[in-house]
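Throughout, read-outs are computed from the coordinates displayed, never taken from laboratory work. Owing to the predicted nature of the structure, the values given are computational and were not obtained by experimental measurement. Heads up, the Cβs are rebuilt from the backbone with ideal geometry, glycines too, and the neighbour counts pull from every protein chain shown.
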Amino acid sequence: MLSKRIIPCLDIKNGRTVKGINFLDLRDAGDPVELAKFYSENGADELVFLDISATAERRKTLAALVLKVAETINIPFTVGGGISSVVDVEILLNNGADKVSINSAAVKNPQLINELASKFGSQCIVVAIDAKLIKGKWIVHLVGGKVPTDLDLFDWAKEVEQRGAGEILFTSMDHDGTKNGFANEALAKLSTGLNIPIIASGGAGTIQHFTDTFKVGKADAALAASVFHFKEITISELKNELQTQGIPVRI
Amino acid sequence: MKVVIINYGAGNIQSIKFALKRLGVEAILSDDETEIMNADKVIFPGVGEASSAMQKLKGSGLDKVIPTLKQPVLGICLGMQLLCNSSEEGKTEGLGIFDVDVLKFSTSVKVPQIGWNQIQNLKSELFKDISENEFMYLVHSFYAPLCEETIGTTEYGIQYSSALQKDNFYGVQFHPEKSSKAGEQVLQNFLNL
């Protein structure tokens, strides 16, 4: 049976992990390769690297990092953050990334999804969508959630699927960072309305939140950062509990 | 041991190279007929779309070379599918090693299938020390139905062939290079053939 995936997310700036990593047993907690290795050896099903650098050298730094990660780990990983062209994607995939995640560039130029899907295959194109509930409507936001668009989450998600995305990574900005649980109602609507996998993101605080996002939110995968980085939840205890709850996981 | 990964411009071969390196083998990427013919083991990778991959094989004449190989050959993902008779993807013919036609998953399941699924009914040296129901990483929209050459199955809406074998040709739908320790074991078993 296809299992539900648990995906730690690493924020990368100038080739280093940022935002609260508290791994005292690593030699260098800021080294993304070392952290990736730790997670890959401790039950993570996939990893996501989100590059938030704003330097001119970001492409080169990221490409070099991807190569090192690919050399080191034996599970799949996705790279996202500022990807805006076929060339960007080509470099990352050639360096060993399994998938790329595009966000703002897809909203600004939806045709990019078609181009990437036809050139590299849908299976490696993840479209990330950040949305916020405003007056009863889920509105898509850009630039890390700072800039609202006029797009409705569900319309945009449908369009993204039709254009060839292989997967959707949905982050609820209302839930992100709260540790109060995932946006399960919206997730369930996405998951049943579309025929591609949906990754839940934003709001993980407890093991129960993961159980809920798989059972109630019907998510295919769940992504989280700080609960893993601060070892509030270990992946093995999480998966054991999910299994007890009857959710298929890889143990 | 000389291991050649067939390089025909189809997808992510870096990961396979790295996985073999972790097993202590420096594989060679090549599209050269002589180099491929002289290898001890040949890996036939593939990520992407079937008809354009087949075009590339034909363009380089490798479609004629691959079926003549006598050493162990391992097709991975699209590589395995291209070793079949045909694929519904892009309505393309295949290399015809495995006597089965590749089909698209029905929309009763999410397509592509992405993630870790179990392999069952294992019968081959390729799966030595691999337990029934072991998880492997899969990413695909098309599948090979069950057939005489099936040496491993997976369930996704239906039971399909997640591994095939005929003579010296092996094919796996999953990505051993991305399937953690179990995947590395499959690669090691292939190297040991």
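Counting only C-alpha contacts under 8 Å and six or more residues apart, can you give the relative contact order of chain B as a whole percent?
Relative contact order of chain B: 19 percent.
Footprinting exposure proxy ranking of B:68, B:92, A:213, A:78, fewest other C-beta atoms within 10 angstrom first, gives B:68, B:92, A:78, A:213. Between residue A:241 and residue B:40, the modelled label-to-label distance comes to 4.8 nm, taking each label 7 Å out from Cα in the direction of the beta carbon.
Output the pairs from A:189/B:123; A:4/B:56; A:146/B:104; A:239/B:166; A:132/B:178; A:189/B:104 with a Cα-Cα distance over 32 Å in this structure; if there are none, say none.
The answer is A:189/B:123; A:4/B:56; A:146/B:104; A:239/B:166; A:132/B:178.
Counting Cβ atoms of other protein chains within 10 Å of each Cβ in B:104-117 and taking the mean gives 6. Simple point charges give the picture: +1 on the Cβ of Lys and Arg, -1 on the Cβ of Asp and Glu, and for the protein assembly as shown a dipole about the Cα centre of about 760 debye. Applying both filters, DSSP loop and at most 12 other Cβ atoms within 10 Å, to the trypsin sites (Lys or Arg not before Pro) of the range B:75-125 gives B:123. Amide hydrogen proximity for residue A:51: with H placed 1.01 Å from N in the peptide plane, the residues at 5 or more positions away or on another chain lying under 5 Å are A:12, A:80, A:81. Here the mean projected area of the convex hull built on the C-alpha positions of the range B:1-68 is 4.3 nm². In whole percents, the pair-distance distribution calculated for the range B:3-192 from its alpha-carbon pairs, binned every 5 Å from zero, is 1, 8, 19, 23, 22, 16, 8, 2, 0, 0. In debye to the nearest 20, how big a dipole does the range B:66-108 give about its Cα centre with +1 on each Lys and Arg Cβ and -1 on each Asp and Glu Cβ? Dipole about the Cα centre, nearest 20: 120 debye. Computed over the protein assembly as shown, the quotient of the alpha carbon radius of gyration and 2.2 N^0.38 Å is 0.94. Taking other residues whose beta carbon is less than 13 angstrom from the beta carbon of residue B:133, and scoring Lys, Arg as +1 and Asp, Glu as -1, yields -2.
Among B:161, A:3, B:52, the ranking by other beta carbons within 10 Å of each residue's beta carbon, starting with the fewest, stands as B:52, A:3, B:161. On a per residue basis, the convex hull of the C-alpha atoms belonging to the range A:19-149 measures out at 139 Å³.
Compute the whole-percent fraction of alpha carbon pairs in the range A:49-111 spaced more than 20 Å apart. Result for the distance tail: 22 percent.
Ranked by Cβ crowding within 10 angstrom, fewest neighbours first, how are B:22, A:16, A:163 ordered?
On the way: B:22 14, A:16 17, A:163 20.
Arranged by neighbour count, lowest to highest, B:22, A:16, A:163 become B:22, A:16, A:163.
For the range A:95-183, the alpha-carbon radius of gyration amounts to 1.10 times the rule-of-thumb value 2.2 N^0.38 Å expected for a compact globular protein.
Here the range A:5-244 is treated as an ellipsoid with the same Cα gyration tensor; its semi-axes, largest first and in whole Å, are 25, 23, 16. This model, with +1 at the C-beta of Lys and Arg and -1 at the C-beta of Asp and Glu, gives the range B:3-192 a dipole about its Cα centre of some 360 debye.
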